[in-house]
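The structure under discussion appears below in the form of structure tokens.
The values are calculated or read from the model by the stated rules, or taken from the named source; none is laboratory data. On a predicted model such as this, the values are computed, not experimentally measured, just so you know. Neighbour counts are summed over all protein chains in view; Cβ atoms, including those assigned to glycine, are modelled from backbone coordinates with ideal geometry. Note: areas computed on protein heavy atoms with side chains; ligands, DNA, RNA excluded. Shrake-Rupley method; radii C 1.70, N 1.55, O 1.52, S 1.80 Å.
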Amino acid sequence: MASQNTALNMFIRGQWTPSSNCEQTTAVMNPSTGQIIGRTPVGSPQDVDDAVHAASEALPTWAETPVVERARVMFAYRQLMEKEFDALARLLTREHGKTHAEARAEVQRGLEMVEFACSVPALIGGQTFPQIARGVDGETNRHPVGVCVGITPYNFPNMVPLWMFPIAITCGNTFILKPSEKVPLSAIRLVELLAEAGLPDGVMNLVHGGKEVVDALLTHDDVAAVSFVGSTKIAKYVYEVGSSHGKRVQAAGGAKNHLIIMPDADLDQSVKALAASAFGCAGQRCMAGSVAVAVGRVGDSLIEGLVDHAGSINVDVTDGNDAAEMGPVISREHRDRVASYLDIAKTSGASVVLDGRSVEAGDSFLLGPSVVDQVTIDMPLWKEEVFGPLLSVVRADSLEHAIAVGKACPYGNGASIFTQSGHAAREFKRHFNAGMIGVNVGVPAPMAWLPFTGWNQSFFGDLHIQGTEGVHFYTRQKMTLTRWFESKDESHVDPVWNSVGPTGSST
Ligand code: NAD
């Protein structure tokens, strides 16, 4: 499938075909070895047009296919994914650098999205309002929106595409996936398995590329809806361009997630949860805790515990090495960017208490965990999304102070509190300025059945990804009012029942 020299194919009308622009490519790297393992074509608007035509042609038949039959494809898909579970995880590790355990956890979360999609028949129903007026019945029902697009980031190559297409497709839409050019291999395998599960040609399509391809998708007349996950700058752009071209858009952006540690927190458990949140997936999670707010006297012992714990993590290459507990970041450039924040921190007056640059990287993109104390909210390290294994520690006098730190943050994805006080937890839940809240949970990322409710600059749009909000995003409502003129007044027997006899004996 993937070769070092040949550009990867697109998937259009059920066929793997070369892009019309595969001379220009982006290298897909194995972060554990620094080697090129594939080449993603830069793609072209012509590719997008082909994919949109294919998806448009397939749409009427697929939208008319009963929802239980559509869901049945997802049941088959689930079985195929389950069978390939480990191989999917290993592919993910190869192109992204996650540890094997992290990769398996990601595939599990993606699989749960497919399980959720299997329940769409139970969620897609409408409401009825009998006799909403005299002799008049009202009802709502949900219809597919049309050709949907998914544009995904590098940090969850398997799970994030699965946030989107299983629900969209089961709701009766057709789909075009544009995966991150840095990690296209998992997306390709997911699409291959979908075809194997029996999805009709044209319902699922895949194109490759960057800005030019994204722009062509956002402005194409026949695209109805766009789901995007990535950085805030691009999320905002996708939201603005897509919605100004009449598309329904949900665009999830970057984050700066705060973890508040109260003086009464269970310190050992909190340190473990904080380290897992900040350094898990090498800090490249949109729900990673990147700022610890230490309240009152907890600060010094927290720092000590964190440095001890982080120092014991087995940071190593991950491809072919299941013993690694933390793997590399996505690229050499990204590693240098993350590391540069350590120098910025020093010059802005913060204190680097653990420096991840001491890890031996060889040809890999490894960077060890870093902890920076005495960070304040005027520093770039607090204001900007670093997206790497670097935890900033802000000191606060009180819970109110900690909540005020969060309020100043332009992002609003997730936040957690570590405490044994129900009152502190309640205050935090009610007043912290973020959409996903954890109480003694390091990464409060919702599972498939719940919406992924980022706030502020972490989300642009209305209906969020996942859960029933996902079903609502991928369907539009139709309202029908019905009156039958045979009904002379509201006590008249309904003509539906008349047709089978007044005693309704058809069943
Ligand atoms: P990114 O914004 O660079 O890329 C995301 C997608 O946008 C990719 O498919 C890419 O090809 C495309 N893209 C890049 N530049 C573009 C441009 N100029 N115009 C149009 N499209 C463009 O993000 P990334 O670096 O791949 O992923 C990391 C980011 O994603 C982080 O900011 C992280 O917080 C965020 N993220 C957010 C969530 C969430 O749910 N909020 C989840 C995962 C990742």
(request) Go through the range 200-213 and give me each residue that's surrounded by 24 or more Cβ atoms within 10 Å (Cβ to Cβ) and assigned to a helix (DSSP H, G or I). (result) Val213
(message) Is it the case, given these coordinates, that Ile437 is within 12 Å of the ligand (Cβ to nearest atom) and modelled with pLDDT of 95 or more?
(response) no
(request) With the checklist (1) more than 16 Å from the ligand (Cβ to nearest atom); (2) under 30 Å from the mean Cα position of the chain (by Cα); (3) not in a strand (DSSP E or B) in hand, flag the one item Gly349 doesn't pass. (result) (2)
(message) Which residue is farthest from the ligand (Cβ to nearest atom), if the candidates are limited to the range 177-199 and must be out of contact with any His (no Cβ under 8 Å at 6 or more places or on another chain), assigned to a loop (DSSP other than H, G, I, E, B) and more than 18 Å from Gly14 (Cβ to Cβ)?
(response) Lys182
(request) Name, by its number, the condition in (1) under 21 Å from Val160 (Cβ atoms); (2) in contact with a His (Cβ under 9 Å, 6 or more places away or on another chain) that does not hold for Cys409. (result) (1)
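Quick grid of which residues meet (1) within 22 Å of the chain's Cα centre (by Cα); (2) more than 24 Å from Thr219 (Cβ to Cβ):
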position: Thr6; (1), (2): no, yes
position: Met29; (1), (2): yes, yes
position: Pro60; (1), (2): no, no
position: Val73; (1), (2): no, yes
(message) Conditions first: (1) open to solvent by 20 Å² or more (accessible area, probe 1.4 Å); (2) within 30 Å of Ile36 (Cβ to Cβ); (3) touching a Gly at 6+ places or on another chain (Cβ under 7 Å). Gly97 passes all but one, so which condition is the exception?
(response) (1)
(request) Give the residue that is nearest to the ligand (Cβ to nearest atom), with candidates limited to residues of the range 236-267 that are open to solvent by less than 40 Å² (accessible area, probe 1.4 Å) and under 17 Å from Phe473 (Cα atoms). (result) Ala252
(request) For Thr482, state whether it is open to solvent by less than 60 Å² (accessible area, probe 1.4 Å) and either at pLDDT 95 or above or of a type in the set (Ser, Thr, Tyr) (or both). (result) yes
(message) Tell me the residue from Lys211, Lys178 that is farther than 30 Å from Ala294 by Cβ and without any contact (Cβ under 8 Å) to a residue 24 or more places away in the chain, please.
(response) Lys211
(message) Condition check: touching a Lys or Arg at 6+ places or on another chain (Cβ under 7 Å), outside any helix (DSSP H, G or I) and within 16 Å of the ligand (Cβ to nearest atom). Does Asn141 satisfy that?
(response) no
(message) Suppose we filter the range 109-138 for residues that are open to solvent by 20 Å² or more (accessible area, probe 1.4 Å), assigned to a helix (DSSP H, G or I) and charged (D, E, K, R); how many remain?
(response) 2
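Just wondering, is there one or more residues in the range 274-288 that are in contact with a Leu (Cβ under 8 Å, 6 or more places away or on another chain), in the same structural domain as Leu381 (by TED's automatic domain parsing) and within 12 Å of the ligand (Cβ to nearest atom)? Break it down stepwise before answering.
Going residue by residue through the range 274-288, those that are in contact with a Leu (Cβ under 8 Å, 6 or more places away or on another chain) are 274-275, 277-279, 282-283.
From what's left, in the same structural domain as Leu381 (by TED's automatic domain parsing): 274-275, 277-279, 282-283.
Filter once more, keeping what is within 12 Å of the ligand (Cβ to nearest atom): 283.
Yes, there is a match, as at least one residue in the range 274-288 is in contact with a Leu (Cβ under 8 Å, 6 or more places away or on another chain), in the same structural domain as Leu381 (by TED's automatic domain parsing) and within 12 Å of the ligand (Cβ to nearest atom).
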(request) Among the residues of the range 146-162, count how many are within 11 Å of the ligand (Cβ to nearest atom), open to solvent by less than 10 Å² (accessible area, probe 1.4 Å) and part of a helix (DSSP H, G or I). (result) 2
(message) Looking at Glu82, Glu106, Glu115, Glu69, can you tell me which residue is over 21 Å from the mean Cα position of the chain (by Cα) and among the charged types (D, E, K, R)?
(response) Glu69
(request) Note down all Cβ pairs under 8 Å where the first residue falls in the range 284-303 and is over 26 Å from Arg335 (Cβ atoms), the second is of a type in the set (Gly, Ala, Ser) and in a loop (DSSP other than H, G, I, E, B), and they're at least six residues apart or on different chains. (result) Val295/Ser398; Gly296/Ser398; Val298/Ala265
(request) Within the range 289-302, work out how many residues are open to solvent by 10 Å² or more (accessible area, probe 1.4 Å) and within 19 Å of Ile437 (Cα to Cα). (result) 1
(request) Take the range 124-142 and flag every residue that is of a type outside the set (Asp, Glu), modelled with pLDDT of 95 or more and in contact with a Ser or Thr (Cβ under 6 Å, 6 or more places away or on another chain). (result) Gly126, Gln127, Arg142
